[in-house]
Amino acid sequence: MPTETVRVEQKYSTTLPDRIFNHKSGEFRESFNRAPFGVSHNLANHPLFEIPRLRKLAETLWTRTGKIVFFTDTPALEQGWNRSTQRSLSLAQAFSRLEETNSWILLKSIQAEPEYRALLEKGIDELQELTALPLRKQITWEDAYIFIASPNAVTPYHIDHESNFLLQIHGDKEVNVFDPNDRTILTDVEIEKYYIGDLSAARYRPEIQSKANLFKLTPGVGVHHPVRAPHWVQNGNSYSVSLGLIFCMREFDLQAKVYQANHLIRQLNMAPTAPGKSVLRDKVKTMLLSDLGHKPKNKSEVIRYGLTKYDAPANFARKLARSFGLSKDASPREARTAAGVK
């Protein structure tokens, strides 16, 4: 009797390890997006991250998408992303002289290439298992970055909206991660400014350094950054290659809208109710800054599209007051009382 050959389609690239993360199912659930924690992975010195392959990837991204950021300056820890765009080297020179220069290269949205798309998809599938959460239903934007930097390079202090798993591939670095919920470190005003568009709003101060969680990354070791966890990075004595698996989540997208609403309220010299203090007020703020079903084209639109509806804080304040049942002619005092501001 003839036998029938069945072709089974493989979901992932055969160049990937069987498992990216060396952890048990559900192991990340307790701390995920609550506190930073170390992780173990199997991508150390993987061929997808060798410098010749990365240079080819960079050339492809530069031509097709332009999604590359690179600097050749020496940043101060506290300057955030306010860095010089004047470069002393070309991208090709930054790669070829990586060991001897102060280059910092970020390859964004590497999943534009099929091999890296498979890596991102496999990583998120595993993280869904490790967090024991329905991540696929909660994720609103996903991305994968590769960070390449010279020996002793510094990534300045900053915050991100995304949940991040940073995996060290080559070289070593020290990652300082702070508690995103400690308002002596990161203030509500700093978060509000970040969500309005100031990516350098979080300000480093020497007195907070003692509160840092220090993670020493070597190939095969990584760290989870919770949403909005302030952090800064110091490379070791060799060039560094790291992979970031990052994604936005609906819960935190909604929080972003509350912070944006509070920023607009402050512009009217009012003191807004902090997020989480009033379910009703938070809900109204998120509704007023909703994206009305808009399908985002990039990460910035995921976070900030709703802001485009308001050309002035006063317009937002009037709509906020009406949402609490007040007429458009309500007095400032009535509007402030209804909206929970002072």
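Taking 31 Å as the limit for the C-alpha separation, the pairs Lys211/Lys297; Lys122/Lys297; Lys56/Lys299 exceed it in the case of Lys211/Lys297.
With neighbours defined as other Cβ atoms within 10 Å of a residue's Cβ, the residues Ile139, Ile265 order from fewest to most as Ile139, Ile265. Just so you know, the Cα atoms of region 64-116 work out to an Rg and Dmax of 12.7, 37 Å.
The angle separating the long axis of helix 250-266 from the principal Cα axis of greatest extent in the chain is about 40 degrees.
Positive contributions from Lys and Arg (+1) and negative ones from Asp and Glu (-1), summed over other residues with Cβ under 12 Å from the Cβ of Leu254, come out at 0.
Region 21-79 and region 188-233 have Cα centres lying 16 Å from one another.
Sequence-distant contacts, meaning Cα pairs under 8 Å at least 6 residues apart, place the relative contact order of the chain at 20 percent.
Checking (1) 20.8, 62; (2) 22.3, 88; (3) 23.8, 73 against Rg and Dmax of the Cα atoms in Å calculated from these atoms, the matching label is (2).
Only the coordinates and a few stated rules stand behind these numbers; no lab work does. Source: prediction; values computed, not measured. Positions of Cβ are generated from backbone atoms using ideal geometry, with glycine treated the same way; all protein chains shown enter the neighbour counts.
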